[in-house]
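Reviewing the structure listed below.
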Amino acid sequence: MSAARYDVAVIGSGAGGAVQAYALARRGLSVVVIERGKREDPTTFAHDEAVQFPRLYKHGGLQTTVDRNLVIAQGATVGGSTVINNAIWLRADLDYVLPRWEQAGARVERSDLETAYATLEKWLHVEPLPPRRANHGTDPFINGARALGLEAGLLDHNRNTCIACGWCNYGCKYNRKTSALVTFIPWAEQRGARILDRCLEARILTRGDRATGVRFVREGRVEEVEAERVVVAAGAIGSSAVLLQSGIALDGRVGEGFHAFAGVHVTAEFADPLDSFDGIGLCAYVKPGLSEEYVLENYFSPPGVFSLVVGGWFTDHFERMLRYRYFAQAGVQVPTVPSGRIRLGRKGDVQIRFSLSAHELEVIRQGIKALGEIFFAGGAIRVLPATYGRIEFARREELDLLGKLCPGPDDLSLGSAHPQGGNLMHADPRRGVVGLDHKVKGFQNLFVSDSSVFPVNIRANCQATVMAMSLRASEYVAR
Ligand SMILES: Cc1cc2nc3c(=O)[nH]c(=O)nc-3n(C[C@H](O)[C@H](O)[C@H](O)COP(=O)(O)OP(=O)(O)OC[C@H]3O[C@@H](n4cnc5c(N)ncnc54)[C@H](O)[C@@H]3O)c2cc1C
Ligand code: SF4
């Protein structure tokens with residue numbers, strides 16, 4: 001078998017991998033991208049959750065931690081999670097993040113990130129989200145927060161001439177979201193990059209301290225590419241798994257320090273119909289203070305996901321669903337500490353060993369309470385946190401009962417779309433998995449470039465910072 005030869009092989013085509021492919025191809029390097037998911041034609045995307053979940057989400061959207069308490073959503077398609085994300089562009093608060101990263105052994109220059117954010121914002125048409133495109137639950141959220149003296153407002157987004165259909169989490173069939181599938185991937189191809197989709201069982205090939213290529217199974221056949229440099233960008237969880245499956249464990253450090261920006265939905269009912277499904281799902285946030293431990297963002301979900309987070313059982317659930325037009329929604333998310341680990345089970349299955357701490361759960365409960373207060377101040381008549389038991393609050397004072405009503409993690413319907421860590425960045429050659437140059441310890445030409453390198457949680461939606469770090473990393477890979 002003669003293998004094709006490239007300057008760079010990139011494993012994974014999401015926010016990290018697609019930026020890497022484009023940035024390297026535009027420098028004139030030959031690039032191949034090896035992606036496990038399928039390449040989709042956006043014009044065929046359906047406005048139907050039952051069709052799109054298995055088509056675009058890893059494990060059909062059912063990926064969970066080993067204890068089953070946290071659902072972790074990730075994309076599994078060319079373009080990765082950018083295809084299913086909400087296109088919210090939120091620069092991390094660098095006053096919050098950079099000192100924490102430095103304390104954890106990873107000093108990253110502010111100017112590097114700021115330059116990268118600015119470049120990406122031009123490329124991806126980032127602009128303030130127009131108020132007329134926001135979902136109709138946004139006004140009560142912002143007004144309620146402001147009535148309580150909180151700083152709230154619309155977020156920035158990466159869309160162009162969006163028609164606000166509200167189906168971003170299932171792929172944009174109108175190509176209005178500037179996801180990697182319609183930006184970096186075709187831009188890289190225009191510069192000669194090759195994108196190989198449906199590549200299973202990717203393994204990094206190594207000789208001594210060098211990666212020599214990637215082996216994978218495509219359409220039932222074992223294939224190989226040779227590469228001068230290999231970049232792993234299979235996302236948090238995925239990248240640790242690829243390294244471990246390739247026999248690269250670095251004395252147990254690969255997979256250590258997994259963390260998530262995780263939380264719970266809160267649904268609020270209003271006396272008159274809002275029709276929050278009409279408009280962009282995620283639009284606004286309450287700006288957190290520097291030391292604050294949670295972030296509040298409004299959101300509205302299509303009926304399938306809504307039915308999972310509105311709570312209630314049988315007739316009660318049915319009656320809530322009948323009032324779909326009357327609700328607004330928001331979420332509280334906390335940045336967890338890097339206490340988790342990604343491991344391979346005895347049968348080679350990928351395990352996410354991670355649980356939220358008692359403190360993190362308490363912060364989530366405080367956030368639920370804060371959202372309840374915001375919605376009541378915005379005119380809500382009922383507040384329904386995403387719990388498994390039947391819990392609803394009709395008055396602000398009742399929110400104090402939350403701790404008693406849901407004491408444990410299995411009382412709350414916890415989720416995250418922002419997994420991070422597992423291949424932590426650390427300047428010390430004996431600690432972490434990658435150095436400040438994204439190079440895997442002990443290797444000359446193997447890199448990781450995605451959310452798995454974040455040493456400490458960035459307390460924000462991740463795509464902007466994953467892309468910015470990836471653009472920064474491309475400088476080192478190109479060298
Ligand atoms: C539903 C949802 C909504 C979100 N909304 C927002 C938002 O509005 N704003 C925001 O900032 N962030 C959002 N995010 C998060 C953001 O999209 C991610 O943080 C970001 O895409 C992560 O980039 P990544 O490169 O680390 O991983 P991903 O983008 O997930 O890419 C990883 C890629 O690697 C592939 N892969 C995995 N394993 C292998 C393997 N073994 N071999 C080959 N390929 C592999 C995957 O299929 C995938 O394509 C959202 C995420 C989700 C799931
Ligand atoms: S809301 Fe806008 S970006 Fe999202 S799927 Fe609809 S048209 Fe596309």
Specify the angular offset, from 0 to 90 degrees and rounded to the nearest 10, of the alpha carbon long axis of helix 358-377 from the longest principal axis of the alpha carbons in the chain.
50
So how tilted is helix 138-147 from the main axis of the chain? Cα-based, degrees 0 to 90, rounded to 10.
70
Computed over the chain: longest principal axis from alpha-carbon atoms vs helix 463-478 long axis, angle to nearest 10 degrees, is 10
Check cross-link reach from residue 122 to the aspartates and glutamates: straight Cα distance under 14 Å, and skip same-chain residues fewer than eight apart.
114, 156
Where in region 265-363 are there chymotrypsin sites (Phe, Trp or Tyr not before Pro) that are in a DSSP coil and have at most 12 other Cβ atoms within 10 angstrom of their Cβ?
313
If Lys and Arg each add +1 and Asp and Glu each add -1, what is the summed charge of the other residues whose beta carbon sits under 15 Å from the beta carbon of residue 255?
+2
If amide hydrogens are placed 1.01 Å from N in the peptide plane, which non-local residues have theirs closer than 5 Å to the one on residue 355?
none
If the only charges are +1 at each Lys and Arg Cβ and -1 at each Asp and Glu Cβ, what is the size of the charge dipole of the chain around the Cα centre, to the nearest 20 debye?
1300
Theoretical ellipticity at 222 nm over the chain - DSSP helices of four or more residues, -39500 (n - 2.57) apiece, nearest 500
-7500 deg cm²/dmol
Let me spell out the model: positive unit charges on the Cβ of Lys and Arg, negative unit charges on the Cβ of Asp and Glu, origin at the Cα centre of region 243-293. What dipole size does that give, in debye rounded to 20?
320
Determine which lysines satisfy two conditions relative to residue 347: a Cα distance under 22 Å, and not lying fewer than 8 residues away in the same chain.
58
If contacts are Cα pairs under 8 angstrom and at least 6 residues apart, what is the relative contact order of the chain in percent?
24
Spatially proximal lysines relative to residue 404 (Cα-Cα < 22 Å; intrachain offsets below 8 disregarded)
369
Among 378, 418, 440, pick out the residue whose Cα is farthest towards the positive end of the charge dipole of region 372-445, where Lys and Arg carry +1 and Asp and Glu carry -1 on C-beta, about the Cα centre.
440
Pairwise FRET efficiency - residue 398 versus residue 103, Cβ, R0 = 41 Å, nearest 0.05
0.55
Please arrange 425, 467, 321 by how many other C-beta atoms lie within 10 Å of their C-beta, fewest to most.
321, 425, 467
For peptides 99-109, 333-343, sequence by mean Cβ density within 10 Å, most packed first:
333-343, 99-109
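Read the figures in this text as sums done on the coordinates, not as results from a lab. Because the structure is a prediction, the values reported are computed rather than measured. Reconstructed Cβ throughout: ideal geometry from the backbone, glycine too, with neighbour counts over all protein chains shown.
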